[in-house]
Amino acid sequence: MKNNKPVKLEDLSSEIELQIDDTFTFINTNTGEVITLMREEMRAAEDEEPLEKFPDWQRENIEKAIGIIEDDDGVYVDFTLRNNFNEYEIMEEFIVSHQDQKNRGVLYNAIQGRGAFRRFKDKIIELGVDKQWYTYKESKIRQLVIEWCKEHNITIQD
C-alpha cells in the first residue's frame, strides 16, 4: 500500500466522534479522502444490487463501496475505530485528572448508572469546566488518531 497523500487530522478526529453503529469509514491513501458509508450502501455493493434501485444521492456512495470492495491494490484502509474509542473511559480519566476534589466527586457521581452521558454534560456546564472537558476529549481523540496512523503508516496533516 502506498500513501501518496496525507490525510487531514481534523477529518479523522471528526469521524471518530461521529461514528455510529451502522457506518464504516475508510481512507483513500491515494487521495487522502475520508469516506464514510452506511451499512446499507456496503451491503448493496457486496450484493451487486443495481444502482437504479437507489436514490441519486446514495448511488455515489455505493459506487465508492464497490471500489473499496474491489480494491486489490490496498488503496483503501479501514478506519472504523468505534471499538477503539470509549468516551466513558475518557470521562473517567478527565475526572481523575481534575484538580478540584469536590468537583471530582460530583462528576464521578454523575457518571454512575443510566443517563451518565447526559448527567455528565449537565454537570460540566454547571461546574464551569465544559471547555476543559472538550479540550481534554479533543486531545485524547487526536492522540488516538495519531497513534493509529503511525501503526498503519498513514501520513497525517495537521
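We did not get these values from a lab; they are worked out from the coordinates using the rules stated. Owing to the predicted nature of the structure, the values given are computational and were not obtained by experimental measurement. So basically every Cβ, Gly included, is an ideal-geometry build from the backbone, and we count neighbours across all protein chains shown.
For the range 54-158, which trypsin sites (Lys or Arg not before Pro) are both in a DSSP coil and crowded by at most 10 other Cβ atoms within 10 Å?
Here the trypsin sites (Lys or Arg not before Pro) that fit, given the DSSP loop and packing criteria, are Arg114.
Skipping prolines and chain starts, which residues have an amide H placed within reach, meaning under 5 Å, of the one on Leu81, given they are 5 or more residues away or on another chain?
So Leu81 has HN proximity to no qualifying residue.
How many angstrom lie between the C-alpha centres of the range 98-144 and the range 26-68?
Computed from Cα coordinates, the inter-centre distance equals 37 Å.
Sum up the lysine pairs in the range 1-109 that clear both bars: alpha-carbon distance under 21 Å and a spacing of 8 or more or different chains. Walk me through the intermediate numbers first.
On the way: Lys2/Lys64; Lys5/Lys64; Lys8/Lys64; Lys53/Lys64.
Number of lysine pairs found: 4.
For the range 91-158, what class follows from the C-alpha gyration tensor (a ≥ b ≥ c being the square roots of its eigenvalues): rounded when a/c is under 1.5, otherwise prolate if a/b is larger than b/c, else oblate?
prolate
Report the full-extension gain for the segment Lys137 to Leu18: residue separation times 0.36 nm, less the Cα-Cα distance, to one decimal in nm.
41.5 nm
Using amide H atoms built 1.01 Å from N in the peptide plane, name the residues 5+ places from Val7, or on other chains, whose amide H lies under 5 Å from its own.
Under 5 Å from the amide H of Val7 lie the amide H atoms of Thr155, Ile156, Gln157, each far enough along the sequence or on another chain.
At most 16 other Cβ atoms within 10 Å and a DSSP loop assignment: could you name the trypsin sites (Lys or Arg not before Pro) in the range 1-54 that fit?
For trypsin sites (Lys or Arg not before Pro) across the range 1-54 that sit outside H, G, I, E and B with at most 16 neighbouring Cβ atoms in 10 Å, the list reads Lys2.
Only four residue types carry charge here, +1 at the Cβ of Lys and Arg and -1 at the Cβ of Asp and Glu. Report the dipole size of the chain about the Cα centre in Debye, rounded to the nearest 20.
Working: 21 positive and 34 negative charges, 246 e Å.
Computed charge dipole of the chain: roughly 1180 debye.
Would you mind computing, in nm to one decimal, how far apart the modelled labels at Glu48 and Asn109 are, each placed 7 Å from Cα along Cα→Cβ?
Calculated label separation equals 6.2 nm.
Report the extension gain between Asn4 and Asp72 in nm, rounded to one decimal, defined as 0.36 nm multiplied by the number of residues separating them, less their alpha carbon distance.
Values: separation 68, 0.36 × 68 = 24.48 nm, distance 1.65 nm.
Going from the current span to full extension adds 22.8 nm.
Using only the Cα atoms of the chain, build the gyration tensor, take square roots of its eigenvalues as a ≥ b ≥ c, and label the shape rounded, prolate or oblate: rounded if a/c is under 1.5, else prolate if a/b is larger than b/c, else oblate.
In terms of gyration-tensor shape, prolate.
Through the Karplus equation 6.51 cos²θ - 1.76 cosθ + 1.60, θ set to phi - 60°, convert the phi angles of the range 23-31 into ³J(HN,Hα) values in whole Hz; use x for Gly and Pro.
10, 10, 10, 10, 10, 8, 6, 7, 10
Counting GluC sites (Glu not before Pro) as exposed when in a DSSP loop with at most 10 other beta carbons within 10 Å, what is the longest stretch of the chain free of them?
Answer - 71-158.
Between Tyr88 and Phe117, what is 0.36 nm times their sequence separation minus the Cα-Cα distance? Round to one decimal in nm.
9.7 nm
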